[in-house]
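Inspection log for the structure reproduced underneath, given as structure tokens.
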Amino acid sequence: MQTPDLVPIIPELILLVTACVALLVEPFLKPGGSGRTDRTALIAITLTGLIGSVAVSLGLSGEDRESFAGMLVLDDWAVFFNVLFGVAAILTVLMSPAYLEAHRRHLGEYYALLLFAVIGMDLMAAARDFILLYVAIELMAISSYLLAAFFRYRIRSNEASLKYFLTGSFASAILLYGVSLVYGQAGATNYSATGRAVAEIMQSGATGSKAGVLLAVFLVAIGLAFKVSAAPFHMWTPDVYQGAPTPIAAFFSVGPKAAAFSAMMAAFIAAFPGAVKEWGLFFMVLSIATMLVGNLYALVQTNVKRMLAYSSIAHAGYLLTGVGAMGWSGNTLPGQGVMIYLAAYTFMNLGAFGILAYLKAQRPEEFDYSLKSLAGLGRRSPWTASLLTLFLLSLTGIPGTAGFIGKFYVFSGVVWADLWWLAVIGVLLSAVSAYYYLRVVIYMFFREPEEEYSFREPIGGAMAASLAVSAIATVAIGLVPSWLWDAAAAGFGTLFD
């Protein structure tokens, strides 16, 4: 029996060891001066593992390896997403301590579950077999369900976890049923082997076989659509984001979403090339519904956390325009635009949620994420309000920010695919978002609070580092996007080698 090549999974092995060490170390931590256990060592271990995983992934760029009988690959595509997931997790870890301490729920399991979720996300991007894809999704999902219920003594947190679990299980069942139909039609679960078999079936002209293939394709698409919060499969998103701890809601909005998009593009390009028109059209229709639902529901929200949840649905719609256009036209530019958008969205959305986490840590009882609780923030904490304004402007797509670059590349790719009408719909619906994003800015700078309040301490420590990195990246991508384009082009090119 041939020994599998372990090089492609070195980043994941580092994360696995780190998660186990974090769980083993916590019982030996000693209480600090205030009587609470000092988690500094735990945070340092977690960050060391994540940084090590990212560094190794970067060191492996340019490699082209496969392992475990072709189920998993190491290429620039996997490296791009490994780095993206690792950075998202690092920023989430940095914004978590102050928030968890304020809620007296700072435990080592939090960091271990986060690391297990990242392992699942890494494997989703690197998977080239539907069986591994399903296992990776479940590893990510189970960790996410537990993280959503991390404040287990709160009804809303339990409700969020239960809804996430039920809808996630339903989505996994649909995905698995679709995979079983793929195996029944193609006789394989490997992406490449499936792609060859599906192409032959679609060219054969047999109506029954074609119908079976298309049913399998659509079931797999629906299963992944749940994971990216695409309408009408978005119902769980606002409640889960509102009930989960704010740093975890931030992580959910960028990490699992990016992982699902990476799996979606890799699987559909490699496994279903014979049905590109069909799944391309499906994703285009889904994108329009998702943009419409996300933006319209976000317009009427007075809770900023729920507003960001609905806006994340709208952003999933923008991303789906690129996926659909890529399939319908066969043009690779929309796919590269999706990768750039995912990177840009990671920083600006983590930054926006990070500000909310900071405000909740400073005012655990008074701050309820409502627009009213943000009134007067510009006068009481100008730096906090200015940073949130930057992230909201980027989410709107104002030029000079990462959000503008992401939307520019996605919609430009859609236009290059001769689907200008879809780009016009995306731009128009994106313009709607200016209302609910700028409304928050108006409350911060032009409304007075109903009650006077003050902050216990300014932004500092790990939270300051997380917000600083998010802000710098948001501006850097907006002003100098060429390096990100090169990374996306290199990664996307490996899917067609």
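Can you find a residue that is buried (at least 20 other Cβ atoms within 10 Å of the Cβ), at pLDDT 90 or above and closer than 19 Å to PHE233 by Cβ anywhere in segment 180-195?
no
Any idea which residue in segment 15-42 is nearest to GLU101 (Cα to Cα), counting only those that are open to solvent by 50 Å² or more (accessible area, probe 1.4 Å) and at pLDDT 85 or above? Steps first, answer last, please.
Of the residues in segment 15-42, the ones open to solvent by 50 Å² or more (accessible area, probe 1.4 Å) are 16-17, 20-21, 23-24, 27-28, 30-31, 33-36, 38, 40.
Add one more test, that the residue is at pLDDT 85 or above, and what stays is 16-17, 20-21, 23-24.
Working: LEU16: 25, VAL17: 25, CYS20: 22, VAL21: 21, LEU23: 18, LEU24: 21 Å.
So, considering only residues that are open to solvent by 50 Å² or more (accessible area, probe 1.4 Å) and at pLDDT 85 or above, the one nearest to GLU101 (Cα to Cα) is LEU23.
Just to check your reading of the model, which residue among ALA197, ALA173, ALA188 is within 18 Å of LYS277 (Cα to Cα), free of Cβ contacts under 8 Å to residues at least 60 places away in the same chain and not basic (Lys, Arg)?
Result: ALA197 is the single residue among ALA197, ALA173, ALA188 that is within 18 Å of LYS277 (Cα to Cα), free of Cβ contacts under 8 Å to residues at least 60 places away in the same chain and not basic (Lys, Arg).
Answer yes or no: is there a residue in segment 276-291 that is of a type in the set (Phe, Trp, Tyr), open to solvent by 10 Å² or more (accessible area, probe 1.4 Å), in a helix (DSSP H, G or I) and under 26 Å from PHE347 (Cβ atoms).
Step one: filter segment 276-291 for residues of a type in the set (Phe, Trp, Tyr), giving 279, 282-283.
Going one step further and asking which of them are open to solvent by 10 Å² or more (accessible area, probe 1.4 Å), we end up with 282.
The next check asks that each one be in a helix (DSSP H, G or I); those that pass are 282.
Subsequent filtering for residues that are under 26 Å from PHE347 (Cβ atoms) retains none.
The answer is no, given that none of the residues of segment 276-291 is of a type in the set (Phe, Trp, Tyr), open to solvent by 10 Å² or more (accessible area, probe 1.4 Å), in a helix (DSSP H, G or I) and under 26 Å from PHE347 (Cβ atoms).
Between residues in segment 229-249 that are farther than 28 Å from SER466 by Cα and residues that are among the aromatic types (Phe, Trp, Tyr) and open to solvent by 10 Å² or more (accessible area, probe 1.4 Å), which pairs lie under 8 Å by C-beta distance while being six or more apart or on different chains?
These pairs meet every condition: PHE233/PHE226.
Need pairs with beta-carbon distance below 8 Å; first residue farther than 10 Å from ILE269 by Cβ and within segment 321-339, second assigned to a helix (DSSP H, G or I) and charged (D, E, K, R); sequence gap 6+ or separate chains.
Listed pairs, sorted by first residue: TRP328/LYS277.
A quick yes/no check of all residues on (1) under 21 Å from the mean Cα position of the chain (by Cα); (2) assigned to a helix (DSSP H, G or I):
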{"position": "ALA385", "(1), (2)": "no, yes"}
{"position": "THR389", "(1), (2)": "no, yes"}
{"position": "GLY406", "(1), (2)": "yes, yes"}
{"position": "TYR409", "(1), (2)": "yes, yes"}
{"position": "ILE425", "(1), (2)": "no, yes"}
{"position": "VAL432", "(1), (2)": "no, yes"}
{"position": "TYR437", "(1), (2)": "yes, yes"}
{"position": "PHE445", "(1), (2)": "no, yes"}
{"position": "GLU448", "(1), (2)": "no, no"}
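Here is a list of conditions, (1) assigned to a helix (DSSP H, G or I); (2) under 26 Å from VAL25 (Cβ atoms); (3) open to solvent by 30 Å² or more (accessible area, probe 1.4 Å); (4) free of Cβ contacts under 8 Å to residues at least 60 places away in the same chain, and ARG152 meets all of them except one; can you say which number that is?
Result: ARG152 fails condition (1) only.
Before we move on, is SER229 assigned to a helix (DSSP H, G or I) and among the hydroxyl-bearing types (Ser, Thr, Tyr)?
So SER229 does not fit the description; no.
Can you find, within segment 327-374, the residue that is nearest to SER96 (Cα to Cα) among those that are part of a helix (DSSP H, G or I) and among the hydroxyl-bearing types (Ser, Thr, Tyr)?
Once the filter is applied, the top-ranked residue is TYR358.
The values are calculated or read from the model by the stated rules, or taken from the named source; none is laboratory data. The shown structure was predicted, so the numbers you read here are calculated from the model rather than taken from an experiment. When we count neighbours, we look across all protein chains shown, and the Cβ atoms used for this are built from the backbone with ideal geometry, even at glycine. Just so you know, the surface numbers come from the protein's heavy atoms only, side chains and all, with ligands and any DNA or RNA stripped out. Shrake-Rupley method; radii C 1.70, N 1.55, O 1.52, S 1.80 Å.
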